[in-house]
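Shown next, in structure tokens, is the structure this report addresses.
The values are calculated or read from the model by the stated rules, or taken from the named source; none is laboratory data. Computed from a prediction, not measured in an experiment: that's the story for all the values here. Quick reminder, even Gly has a Cβ in these numbers, built from the backbone with ideal geometry, and neighbours come from all protein chains shown. What goes into the accessible areas is simple: the full protein's heavy atoms, side chains included, and nothing from ligands, DNA or RNA. Shrake-Rupley method; radii C 1.70, N 1.55, O 1.52, S 1.80 Å.
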Amino acid sequence: MEMTLTINGQSHKIDVADDTPLLWVLRDTIGLTGTKYGCGIAQCGACTVLVDGRPARSCTLRARNAQGKAITTIEGNQGRVGETVIAVWNELNVHQCGYCQSGQVMAATGLLSSNPKPDDAAIDQAMSGCICRCGTYVRVRKAIKQAAEQLQSDS
Amino acid sequence: MIVKRQGLSRRRFLQVVAGTGGALVLGVHLPRPAHAESERPDANRPNTDPNVFITLTPDNRVEVMIKHLEMGQGAFTGLAMLVGEELDAAWDQLVAKPAPGDPTKFNHTQWGPMQGTGGSTGLSSSYLQMRQVGAAMRQMLLAAAAKRWGVKADTLRTEQGQVINGNERLSYGELAEAARAEPVPNPDGLTLKNPDQFIYIGKPMPRLDKGKTDGSAIYTQDINLPGMLTAVVIHPPRFGAKVTGFNANGADKADGVEGIVTFSNGVAVVAKDFWTAQSAAKQVKVSWDESNAERLSTSAMWETLKGLTNQPGLIAEQKGDASKAFAEAAHTVEMDFATPFLPHATMEPMNCVARVDKDGCELWSGFQMPTGDQMGAARILGIKPEQVKANVLIAGSSFGRRANPAWDYGLECVDIARQFPGKPVKVVWTREVDTRAGWYRPAYYQRVKAAVDGEGKLLAWQQHIAGKSVVSGTPFESALVHNGIDHTSIEGATDLPYAFPNTDFRVHNHNHGVPVQWWRAVGHNHTALAKEVTMDALARKAGQDPVQFRLQQGTNPRYNAVLKTAAEKAGWGKEMGANRGMGVAVQFLFESYVALVAEVTMEGDEVKVDKITCVVDCGLAVDPDIVAAQMEGGIGFGLGQVLFSTLSIEDGKVKQSNFQNHKVARMRDMPEVEVHIMPSAEPPTGVGEPATAVVAPAVVNAVAAATGKYRTHLPLMG
């Protein structure tokens, strides 16, 4: 079916099977490969993007249901929160293999956008959907706290 | 009577090679495949040609070819750091690039004419080599600059990517072309830095595997080539079943489907993109010949393995007379341990891109053993290995999976791509395919009996280990399996670091059709568990403190030192409160020493790990931040296997399919982790795998401290 999606502020007219998940539209149709395939059933979070600012698993979200909404992928994660998160991620050398990190960064951006000062329980809640097999969780937690502090002191 | 295992072991082949400037490199000799011996005239001599490893660009970048796979462990940063150190490059000008598959240039320094990554040897085996590469290029830059200025090279110095002559400076980029033309110096004549001159080694540096936080890094999964097709595969429901045919049910006519083909291990649906292929694959009905299929059930397998440990088995190592000593013991403990099959479950499921045409084959993948993989592709295509081009991509983790001696997923891709000549074909395994494809960590059952006398002095240790060998049937068999005993099944068990005068180690091989493979920390996962939990139980039975007990009996000063430091840092012996416990474990593995102290809280039978204190002695920590990251990550990886992860099989069918039933550690499970690195001037040793194996015994011992009960069948909450 034909549909129009707004991805990173740009409008894309596409024609895909009507059950196509947003993930595969991003990766195979548009060519934005930063969003990763990890499980296909919303269990690992590698495919996390923001839809109207809220984290969503693009592997189970049908593209057609994302029409009319603002889709933000890792490639378009600009803005104060996103840029701060990425800067802190790099500063703390959070990533290892990196394959899950697009999802981690997007989930963290979503969290800090809605909760500027998350405690450990809030971080557990928001981030436990994003599996990292390299086990970077210690640094992900630290980075979220540091980004929160930086965003607060900047504001 | 002493019966020592004969043949190759990692420790027996330790080689300490003195470098200049006080630098040392520790080498671990792994077996050399019999083939390809003649490909390099002097394969024992590491290649240190800077023109192979370094490209200086006119815009002043220093591109370093990284010969080990970057799979998260920090190979890009570590190896480029060694080059940059001796080259006096500025950190910001260093660019790490993956070396393509070419064993004539990029072979592992200890594996003969074979390029590859594994055994936590990437940095330690390249330590001297990469420094020599950097030093050689620096000498060539000095020579080129000396000619430019008409001065002697020894009047010049280098700093931050520049050659300096009094007040004059030339950037490396400006000298690139001239330096490249200079004669390559003999590595033996190079003077390397003394440790007090180091600008990078020993310091935490920003990682050089960039693009992983902004989506720009390209993995195999992200490769997109003109005309590329995507294949989704259907594997047999049971290991060893053969495809006899399929009914496409019209899927082959679907829009975008290019073909449905059989290959060695199943059926591939090949389409213009993933979703088209995946949707079509759901329609296809495959028929299988299951006459030779494996019908193993894990529940019955445990009974078989348990039964085996009551048999004599194969003698791996014996010392003194254990039976006699047990008869005279004051305190004896007997424990059994079960560690299940586990998939590697890399974040990036297995994948590969192949293009096959009349001239040869081009491959794109996160190659961990590119030389073997190129040979495998050449073999099935009937061409020469030189006709197989291997483009090495960064990998979305491996944990051993990508070092598959049979290169199952890659050869599958080649087998499919050859049926679409000239077109690049990307095989994308779904998570379900990946989970059920086999090559698991083998399940092991162990029975241990240990005893002390009335004064708590060690008397005897007996250990039976039953499971499937990961090395038998691979090219490594001749080197790593002796008298039927796979070194990787007993590593970390024999050569006990505690002073038992009587020991008896037995191995029981249980062969079956479920493919098994090395899994991060390999044999240490089961042997560290058995050793450290039994020691803990023995200490408590003898009425002694588990840390003091180990320290009194430990025979290795570095082993004892990490243990003692971990106990101090963790506040060993502090009041823990109700339902809480602290447990310790220590292991020597991959030439490093790791001690962990775990603190847990029990909520009924549920275990919550609150904190882990880790102390590692890995010789010189080249990048202490990466060492810490590998400890943190290794702990997270090990945590899954002790708490939740399992893989069960019923009548030959794997029950788990994806992360909803193959449970792994998540953010909410991750404890606070504190890492301490022992200061050391010893040669660098392995850090990628060690922490993983030590988590289980530390947690099991902490649970026992809280509850009085040793729970030794993993996972604890399966």
For chain A, set up a GNM with springs between Cα atoms under 10 Å and report which of A:Val51, A:Val16, A:Val88 has the largest fluctuation. A:Val16
For B:Lys272, go through the aspartates and glutamates and keep the ones whose alpha-carbon is under 17 Å away, minus same-chain ones fewer than eight residues off. A:Asp15, A:Asp18, A:Asp19, A:Asp28, B:Asp222, B:Asp252, B:Asp255, B:Glu258
Cα centroids of the range B:247-288 and the range B:447-526: how far apart, whole angstrom? 44 Å
For B:Ser469, distant residues with modelled amide H under 5 Å away: B:His510
Would you kindly give the portion of the calculated P(r) for chain B that falls above 47 Å, as a percent of all Cα pairs? 21 percent
What is the magnitude of the charge dipole of the range B:96-227 about its Cα centre, with +1 placed on the Cβ of each Lys and Arg, -1 on the Cβ of each Asp and Glu, and no other charges, expressed in debye to the nearest 20? 160 debye
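Rounded to two decimals, what is the ratio between the C-alpha radius of gyration of the range A:1-134 and 2.2 N^0.38 Å?
Ratio of Cα Rg to 2.2 N^0.38 Å: 1.01.
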Counting only other chains, and only Cβ atoms inside 10 Å, what mean value do you get across the residues of B:79-86? 0
Expressed per residue, the solvent accessible area of the protein assembly as shown in Å² (1.4 Å probe) is about 36 Å²
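Ballpark to the nearest 100 Å², how much total accessible area do A and B bury together, probe 1.4 Å?
Numbers: alone 7910 and 27340 Å², together 31060 Å².
Between A and B, the summed buried area is about 4200 Å².
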For the protein assembly as shown, what is the percent of antiparallel DSSP beta bridges, rounded to the nearest 5? 75 percent
The long-range amide H neighbours of B:Ala665, using H built 1.01 Å from N in the peptide plane and a cut-off of under 5 Å, are B:Gly640
Over the whole of B:653-660, what's the average partner chain Cβ count within 10 Å per residue? Rounded to a whole number, please. 3
What are the ³J(HN,Hα) values, in whole Hz, obtained from phi via the Karplus relation 6.51 cos²θ - 1.76 cosθ + 1.60 with θ = phi - 60°, for each residue of the range B:703-711 in sequence order, with x given for Gly and Pro? 4, 5, 5, 7, 10, x, 10, 8, 9
Ignoring ligands, DNA and RNA, the residues of the range A:129-155 whose accessible area with a 1.4 Å probe is reduced by 10 Å² or more relative to the chain alone are A:Ile131, A:Arg133, A:Cys134, A:Gly135, A:Tyr137, A:Val138, A:Arg139, A:Arg141
List the residues of the range B:335-356 that lose 30 Å² or more of accessible area once all protein chains are present, compared with their chain alone (1.4 Å probe, heavy atoms only, no ligands or nucleic acids). B:Met347
Taking the protein assembly as shown on its own, what percent of its Cα-Cα pair distances exceed 38 Å? 44 percent
Among bridges DSSP assigns within chain B, what percent are antiparallel (round to 5)? 75 percent
Note, ³J(HN,Hα) from phi for the range B:611-626, Karplus 6.51, -1.76, 1.60, rounded to Hz, x at Gly and Pro: 8, 10, 9, 10, 10, 10, 10, 10, x, 5, 7, 4, 10, x, 6, 6
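Please report, as a whole percent, how much of the solvent-accessible surface of the range A:1-55 comes from carbon and sulfur atoms (probe radius 1.4 Å).
The computed percentage sits at 42.
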Arranged from highest to lowest average of other beta-carbon atoms within 10 Å per residue, in what order do the peptides B:328-336, B:234-242, B:174-182 appear? B:234-242, B:174-182, B:328-336
Reduced to Cα centres, the span from the range A:44-78 to the range B:672-718 in Å works out to 38 Å
Cross-link reach from B:Lys449 to aspartates and glutamates, straight Cα distance under 12 Å and at least 8 residues apart if same chain, gives B:Glu334, B:Asp336, B:Asp504
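By per-residue mean of other Cβ atoms within 10 Å, what is the highest-first order of B:207-215, B:496-504?
Result, highest mean Cβ count within 10 Å first: B:207-215, B:496-504.
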Count, for each residue of A:22-30, the Cβ atoms from other chains sitting within 10 Å of its Cβ, then give me the mean as a whole number. 3
Taking placed amide H atoms and a strict 5 Å upper bound, the residues 5 or more places from B:Lys423 or on another chain that come that close are B:Val356
If you roll a 1.4 Å probe over the range B:50-197 with all protein chains in place, what percent of the accessible area is carbon or sulfur? 47 percent
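Return the carbon/sulfur percentage of the accessible area of the range A:77-154, one whole number, probe 1.4 Å, all protein chains in place.
Reported share for carbon and sulfur atoms: 47 percent.
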Restricted to pairs 8 or more residues apart or on different chains, the lysines in the range B:50-197 with C-alpha atoms under 28 Å apart form a number of pairs equal to 8
Ranked by how many other beta carbons lie within 10 Å on average, peptides A:67-79, B:292-304, B:127-139 from highest: B:127-139, A:67-79, B:292-304
For the pairs B:Lys574/B:Lys608; A:Lys13/A:Lys69; A:Lys36/B:Lys253; B:Lys324/B:Lys709, note any where the Cα-Cα span goes beyond 21 Å. A:Lys36/B:Lys253; B:Lys324/B:Lys709
At what distance in angstrom do the alpha carbon centres of the range B:313-354 and the range B:90-169 lie from each other? 43 Å
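Computed over the Cα atoms of the range B:294-447, what is the ratio Rg over Rh, Rh following Kirkwood?
That ratio equals 1.19.
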Can you list the HN-Hα couplings for the range B:293-305, worked out from phi with the Karplus curve (6.51, -1.76, 1.60; θ = phi - 60°), rounded to whole Hz and with x for Gly and Pro? 6, 6, 10, 4, 10, 5, 4, 6, 4, 4, 5, 4, 5
